[in-house]
Amino acid sequence: MLEGITVLDMASVGPAARASRWLADYGAEVVKIGPVPKHGGVQIVPPFHSYGGHRDMRRLLFDLKAEAGREAFLRVAAFADVLIESFRPGVMDGLGVGYDAVAGRNPRIVYCSTSGYGQDGPYANYAGHDLNYLALGGFLSTTQPRADGGPPIPGATVADSAGGGMQAVIAILAALVRRSRSGTGAYLDVSAVDGVVALMSLAIDDYLATGAEQGPRHGLLTGRYACYDTYEAADGGWLSVAAIEPRFWANLCRLLECEQWTEHQTDDAVQDDVRADLRVAFKTKTRDEWTALLMPADTCVAPVLTIPEVVADSQFVARRAFVEADHPEAGRFRQTGPVLAGQGPPDRPYALRASTDTDVEQVLAAAGLQPEEIAELLDAGVVA
């Protein structure tokens, strides 16, 4: 879908790396940009299997503190469609490769800055990670607390992935569509915490419109009613119940032999009693027995799977969610494939490369540099 689109990704981890992974899986040519070996400690080096092991991506290293390295980078950027970076505000400008410098060479560039708190505002230069963004955006305060009453630690990096990475992909694709009509690029300020606010809009808009205090069990989707909760089975396994619609709730009550509660789905006065009876009912069978009975019966019930169970589950096997990859050092292993709509899995294992491999000559030549220029840059150590 994105064949012919070239993306320069200057991040090694986080939302930007997630965004470039998805763009590559949609067919874009992604070139991972990093520092030359003498500046190797500048970026985090993720495990070989992270972010798809950089499958179907190229790699190029620059010394952006050296004038020749910076100029070489700008010449490559002149031929790119998208640039994604995740430094703190002002860092790219300080290196001489900020939006103005790149757009001066390439007015069609879609330049995407990803950060925790955005490029402006009182928090712009603060350090942070996923948990901080979920805390600031209200996500943690509306999630069921742990045993000590504190907010839980989520099992997925929601802010990095959905709040930041997917937001970046959406914004980049929108900017590319606009560029196809106007001929000009764009500067995109992607803030992960802004993305969390967007994800929390149902709760935030409820508060803004009604003044209702938000929190765990405030509303249907945060556990106010027994029809939207998790329950332990006889074997210690857990089931998720999300029987929001009355007919699904009626089906569930009938199969649990709790039909006395069919007409009390949203009766606040009896929710503790409803939960108590459902807990007793679910304890009469194992998780998998309940799954086999309830999932096909229009009850909106699904098992809580562990990660080993997820990768073996028949649904994901049928949809080819996990693919094989060959790594020159780690050998063959499985990884999450291109699972988003419109991507499609490959017909053979991915051939991954060592983290030290680069495509310096091919990428620089494609940007118009002559062999003797490339050799000089390599000899000077400003590219690798």
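Which residues, taken from the range 67-110, are in a loop (DSSP other than H, G, I, E, B), more than 25 Å from the chain's Cα centre (by Cα) and more than 22 Å from residue 24 (Cβ to Cβ)?
95, 96, 107
Take the residues in the range 235-261 that are hydrophobic (A, V, I, L, M, F, W, C) and assigned to a strand (DSSP E or B); name whichever of them is nearest to residue 275 (Cα to Cα). First the steps, then the outcome.
Step one: of the range 235-261, the residues hydrophobic (A, V, I, L, M, F, W, C) are 238-239, 241-244, 248-250, 252-253, 255-256, 258, 261.
Narrowing the set further to residues that are assigned to a strand (DSSP E or B) leaves 238-239, 241-242.
On the way: 238: 14, 239: 13, 241: 11, 242: 13 Å.
Among them, the one singled out is 241.
Among all residue pairs at least 6 apart or on different chains, which show Cβ distances below 6 Å where the first residue, located in the range 17-34, is over 16 Å from residue 163 (Cα atoms) and the second is of a type in the set (Gly, Ala, Ser)?
Here the result reads 30/20; 30/24, each pair linking the range 17-34 to a residue that is of a type in the set (Gly, Ala, Ser).
Conditions first: (1) part of a loop (DSSP other than H, G, I, E, B); (2) in contact with a helix residue (DSSP H, G or I) (Cβ under 9 Å, 6 or more places away or on another chain). Residue 124 passes all but one, so which condition is the exception?
(2)
Report, ordered by the first and then the second residue, all pairs with beta carbons closer than 7 Å, sequence separation of six or more or different chains, a first member in the range 331-350 that is under 19 Å from residue 165 (Cα atoms), and a second member that is basic (Lys, Arg).
From the range 331-350, the pairs are 337/320.
Residues are listed down the side, and each one gets a yes or a no for (1) in contact (Cβ under 8 Å) with a residue 60 or more places away in the chain; (2) within 17 Å of residue 74 (Cα to Cα); (3) charged (D, E, K, R):
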| position | (1), (2), (3) |
| --- | --- |
| 85 | yes, yes, yes |
| 96 | no, yes, no |
| 102 | no, yes, no |
| 106 | yes, yes, no |
| 111 | yes, yes, no |
| 122 | no, no, no |
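Could you list, in sequence order, the residues of the range 222-254 that are surrounded by fewer than 16 Cβ atoms within 10 Å (Cβ to Cβ) and in contact (Cβ under 8 Å) with a residue 60 or more places away in the chain?
Those that are surrounded by fewer than 16 Cβ atoms within 10 Å (Cβ to Cβ) and in contact (Cβ under 8 Å) with a residue 60 or more places away in the chain: 230, 238, 240.
Given the conditions (1) part of a loop (DSSP other than H, G, I, E, B); (2) buried (at least 21 other Cβ atoms within 10 Å of the Cβ); (3) in contact with a strand residue (DSSP E or B) (Cβ under 7 Å, 6 or more places away or on another chain), and given that residue 118 satisfies all but one, which numbered condition is not satisfied?
Among (1) part of a loop (DSSP other than H, G, I, E, B); (2) buried (at least 21 other Cβ atoms within 10 Å of the Cβ); (3) in contact with a strand residue (DSSP E or B) (Cβ under 7 Å, 6 or more places away or on another chain), the lone unmet condition for residue 118 is (2).
For (1) under 26 Å from residue 218 (Cβ atoms); (2) at pLDDT below 95, each residue gets a yes or a no:
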{"position": "100", "(1), (2)": "no, no"}
{"position": "112", "(1), (2)": "no, no"}
{"position": "119", "(1), (2)": "no, no"}
{"position": "133", "(1), (2)": "yes, no"}
{"position": "136", "(1), (2)": "yes, no"}
{"position": "144", "(1), (2)": "yes, yes"}
{"position": "182", "(1), (2)": "no, no"}
{"position": "186", "(1), (2)": "no, no"}
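Quickly run through the range 6-58 and pick out the residues that are of a type in the set (S, T, N, Q) and either part of a loop (DSSP other than H, G, I, E, B) or at pLDDT 90 or above (or both).
6, 12, 20, 43, listed by residue number.
Need pairs with beta-carbon distance below 7 Å; first residue at negative phi and within the range 255-280, second of a type in the set (A, V, I, L, M) and assigned to a loop (DSSP other than H, G, I, E, B); sequence gap 6+ or separate chains.
Once the first residue is at negative phi and sits in the range 255-280, its partners that are of a type in the set (A, V, I, L, M) and assigned to a loop (DSSP other than H, G, I, E, B) give 271/226; 274/226; 275/226; 278/226; 278/256.
Got at least one residue in the range 6-16 being closer than 23 Å to residue 108 by Cα, among the β-branched types (Val, Ile, Thr) and free of Cβ contacts under 8 Å to residues at least 40 places away in the same chain?
Scanning the range 6-16 turns up no residue that is closer than 23 Å to residue 108 by Cα, among the β-branched types (Val, Ile, Thr) and free of Cβ contacts under 8 Å to residues at least 40 places away in the same chain.
Can you pull out every residue in the range 124-144 that is over 18 Å from residue 15 (Cα atoms) and free of Cβ contacts under 8 Å to residues at least 60 places away in the same chain?
140
Of all residues in the range 171-228 being charged (D, E, K, R) and in a helix (DSSP H, G or I), which is farthest from residue 107 (Cα to Cα)?
206
Give the range 178-221 a look and list any residue that's of a type in the set (Asp, Glu) and under 26 Å from residue 129 (Cα atoms), or say none.
Correct list: 189, 194, 205.
Does residue 158 satisfy the condition of being touching a residue at least 12 places away in the same chain (Cβ under 8 Å), closer than 19 Å to residue 50 by Cβ, touching a Phe, Trp or Tyr at 6+ places or on another chain (Cβ under 6 Å) and surrounded by 16 or more Cβ atoms within 10 Å (Cβ to Cβ)?
no
With the structure loaded, tell me whether residue 207 is buried (at least 17 other Cβ atoms within 10 Å of the Cβ) and over 30 Å from residue 85 (Cβ atoms) or whether it fails that test.
So residue 207 does not fit the description; no.
The values are calculated or read from the model by the stated rules, or taken from the named source; none is laboratory data. Just so you know, these numbers come straight off a predicted model, no measurement behind them. Cβ: placed from backbone, ideal geometry, glycine included. Neighbour counts: every protein chain shown.
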